[in-house]
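> Here it is, the structure in full.
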Amino acid sequence: MRKPTPTLAVLISGRGSNLQALIEHAQRTAAYRIAVVISNRPNAGGLDLARDAGIPVEVVDHTTFTDRAAFDAALAERLDGYATDWVVLAGFMRVLTEGFVERYSGRLVNIHPSLLPAFPGLKTHEQALAAGVRVHGATVHLVTPALDHGPIVDQAVVQVLDGDTPQTLAERVLALEHRLFPRAIEALCAGRVAHAGSLAMVGAASQPLIMNIPLVDEHYGQKA
Ligand code: GAR
């Protein structure tokens with residue numbers, strides 16, 4: 001008998017460009033089905049993207065709850081109505097309680113715009129420029145109670161260029177996020193990611209996405 005298509009709940013807070021990449025990948029490959037999109041903000045642009053694709057949407061407005069635990073309990077109740085295989089955070093900008101994370105442990109996935117463990121939190125592109133790193137990127141990881149932390153499923157790398165601003169860097173990283181996230185979710189859904197303790201392992205065939213970085217070191221010792 002054919003296995004049922006794995007299902008996702010996608011949680012968003014904003015414009016939803018990563019959600020759109022996930023929607024398009026599902027339309028192309030049927031690697032998974034997005035059963036619901038849930039936003040903590042009633043006016044998140046991503047809700048319209050979901051509606052346009054015929055995906056059910058839900059809003060759990062965090063401003064109507066007195067504390068994080070009450071919000072997370074309401075979110076979990078809504079999520080559990082869909083009983084999805086995976087809960088995918090695609091620009092979901094709320095810190096989740098330990099209880100929530102543990103409830104969905106092993107099937108809660110996040111994308112973060114840095115090469116974790118570097119630069120957790122907000123303003124990652126500003127952080128990268130301030131640190132003077134030569135490469136930057138994005139990470140897909142399983143979620144643990146610590147913020148922007150957990151077994152790394154996949155990463156994408158961009159070169160930091162002279163003259164980069166947080167905006168130019170963000171644009172290049174976001175373009176790669178749109179390629180990285182669907183392939184990482186597909187690998188998880190296909191059971192190609194083994195995880196134990198703090199580590200996740202994707203099959204040997206998987207390479208990180210590396211954008212325009214020359215893989216030679218000949219320029220060392222030479223004049224630029
Ligand atoms: C993305 O860059 C995502 O990596 C980031 O929010 C953006 C959402 O954009 N997530 C985080 O910073 C989580 N810590 P989108 O709404 O266009 O997908």
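The values are calculated or read from the model by the stated rules, or taken from the named source; none is laboratory data. On a predicted model such as this, the values are computed, not experimentally measured, just so you know. Reconstructed Cβ throughout: ideal geometry from the backbone, glycine too, with neighbour counts over all protein chains shown.
> Are there any pairs with C-beta distances below 8 angstrom linking a residue in segment 87-108 that is on the phi > 0 side of the Ramachandran plot to a residue that is of a type outside the set (D, E, K, R) and in a strand (DSSP E or B), with the two at least 6 apart or on different chains, and if so which?
Listed by first residue and then by second, the contacts come to Gly91/Ile12; Gly91/Ile111; Gly106/Leu142; Gly106/His195.
> For Ser13, all conditions in the list (1) more than 9 Å from the ligand (Cβ to nearest atom); (2) of a type in the set (Gly, Ala, Ser); (3) surrounded by fewer than 20 Cβ atoms within 10 Å (Cβ to Cβ) hold save one; what is the number of the exception?
Unmet condition: (1).
> Looking at segment 166-175, is at least one residue more than 22 Å from Arg107 (Cα to Cα) and at pLDDT below 95?
no
> Here is a list: Pro6, Pro56. Which entry is touching a residue at least 60 places away in the same chain (Cβ under 8 Å) and away from the ligand (no atom under 16 Å from the Cβ)?
Pro6
> Return the only residue of Asp154, Asp162 being within 20 Å of the chain's Cα centre (by Cα), more than 12 Å from the ligand (Cβ to nearest atom) and charged (D, E, K, R).
Just one listed residue meets the conditions, Asp154.
> Sticking with this one: How many residues are among the polar types (S, T, N, Q) and within 12 Å of the ligand (Cβ to nearest atom) when one looks only at segment 69-113?
Summing the residues that are among the polar types (S, T, N, Q) and within 12 Å of the ligand (Cβ to nearest atom) in segment 69-113 gives 1.
> List the number of the failed condition for Val87; all other conditions in (1) over 15 Å from the mean Cα position of the chain (by Cα); (2) among the aliphatic types (A, V, I, L, M); (3) buried (at least 18 other Cβ atoms within 10 Å of the Cβ) hold.
So the condition that Val87 fails would be (1).
> Mind listing just one residue for me: the one in segment 134-151 that is surrounded by 16 or more Cβ atoms within 10 Å (Cβ to Cβ) and over 22 Å from Arg94 (Cβ atoms) and, of those, farthest from the ligand (Cβ to nearest atom)?
Per the criteria, the residue is His136.
> Taking the options Leu180, Leu122, Leu116, name whichever one is farther than 19 Å from Leu209 by Cα, at pLDDT 95 or above and within 14 Å of the ligand (Cβ to nearest atom).
The conditions single out Leu122.
> Within segment 31-48, is there a residue that is in a loop (DSSP other than H, G, I, E, B), in contact with a Leu (Cβ under 9 Å, 6 or more places away or on another chain), within 15 Å of the ligand (Cβ to nearest atom) and in contact (Cβ under 8 Å) with a residue 12 or more places away in the chain?
yes
> A follow-up question, please. For segment 115-133, how many residues are under 22 Å from Gly46 (Cβ atoms) and surrounded by fewer than 22 Cβ atoms within 10 Å (Cβ to Cβ)?
The qualifying residues number 3.
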